[in-house]
1. Name the long-range amide H neighbours of ARG69: under 5 Å, sequence gap of 5 or more, or other chain; modelled H, no Pro or chain starts.
2. Could you work out how far the C-alpha centroid of region 94-123 sits from that of region 145-163, in angstrom?
3. If you take the charge dipole of region 154-196 about its Cα centre, with +1 on Lys and Arg Cβ and -1 on Asp and Glu Cβ, which of PHE157, ILE192, LEU182 is farthest toward its positive end?
4. Provide the per-residue ³J(HN,Hα) series for region 173-178, in order, calculated from phi with Karplus coefficients 6.51, -1.76, 1.60 and θ = phi - 60°, each as a whole number of Hz, with x at glycine and proline positions.
5. Which links in LYS61/LYS200; LYS63/LYS200; LYS61/LYS168 stretch past 22 Å when you go from one Cα to the other?
6. Tell me, what HN-Hα J-couplings in whole Hz come from the Karplus equation 6.51 cos²θ - 1.76 cosθ + 1.60 at θ = phi - 60° for each residue of region 149-157, using x for Gly and Pro?
Amino acid sequence: MSRYTGPKEKIERRLGAKLFLKGERSLSPKSATVKRMYPPGVHGKTFKKRLSEFGQQLQSKQKVRQTYRMMEKQFKNWINDAINSKQETGEFLIRRLENRLDNVIYRAGIEQSRDQARQVVNHGHILVNGRKIDIPSYEVKINDAIKIREGSLKSPFFSVAVPQWIKKNEAPKWLEVDSDKLTVKISGLPNIQDSGIEIKDLHSLVEFYSR
């Protein structure tokens with residue numbers, strides 16, 4: 001299955017939720033979720049379909065999956081791991097999702113969206129404990145230290161744009177961010193409240209995959 005490369009705001013409009021897929025634009029009045037928060041298509045503005053229980057579960061699943069920009073196969077595997085774990089399913093899943101390296105880069109304010117964060121990781125700009133990691137789904141652990149590769153810091157992108165973004169960003173409590181050195185330390189465990197994911201959506205997606 002190929003990755004969707006079309007308009008990201010169309011995804012948000014279809015799901016009826018702001019998922020912050022466009023970085024800073026998602027916060028501006030220009031955002032399609034502000035100007036046109038109704039489903040795309042010629043009938044989107046006037047026609048509202050009542051969702052069945054299955055439809056609501058499917059929508060919740062898509063909201064969470066698209067928030068973290070994961071492919072269906074990997075997402076399904078992670079859900080099954082959470083269901084089969086001995087821990088509380090929702091908390092287990094959120095910790096794995098939030099501990100993805102691309103998500104940490106986004107949460108720390110180094111990038112403005114998870115898609116941007118994935119690209120930065122893929123291109124080898126990020127070091128974890130001094131080692132280059134180019135796998136966006138790499139799961140960080142407590143006390144892991146993250147920084148930008150020395151050679152990358154010389155580029156205008158990392159020396160000009162990133163410092164501006166990281167200083168404006170409010171990182172979650174489980175991340176220790178040094179906005180001057182552009183470093184991040186994992187100091188705790190993320191929780192559902194930190195993620196911004198609604199508990200009802202977690203319950204619905206677990207029900208969807210438990211069928």
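1. none
2. Region 94-123 and region 145-163 have Cα centres spaced 15 Å from each other.
3. Of the candidates, PHE157 comes out farthest on the positive side.
4. In residue order, the calculated couplings are 5, 7, 10, 9, 10, 9 Hz.
5. On the way: LYS61/LYS200 11 Å; LYS63/LYS200 12 Å; LYS61/LYS168 31 Å.
Check vs 22 Å cut-off fails for LYS61/LYS168.
6. Residue by residue, region 149-157 yields 4, 3, x, 6, 5, 7, 6, x, 4 Hz.
Only the coordinates and a few stated rules stand behind these numbers; no lab work does. The structure displayed is predicted, hence computed values, not measured ones. Backbone-built Cβ (ideal geometry, glycine too); neighbour counts: all protein chains shown.
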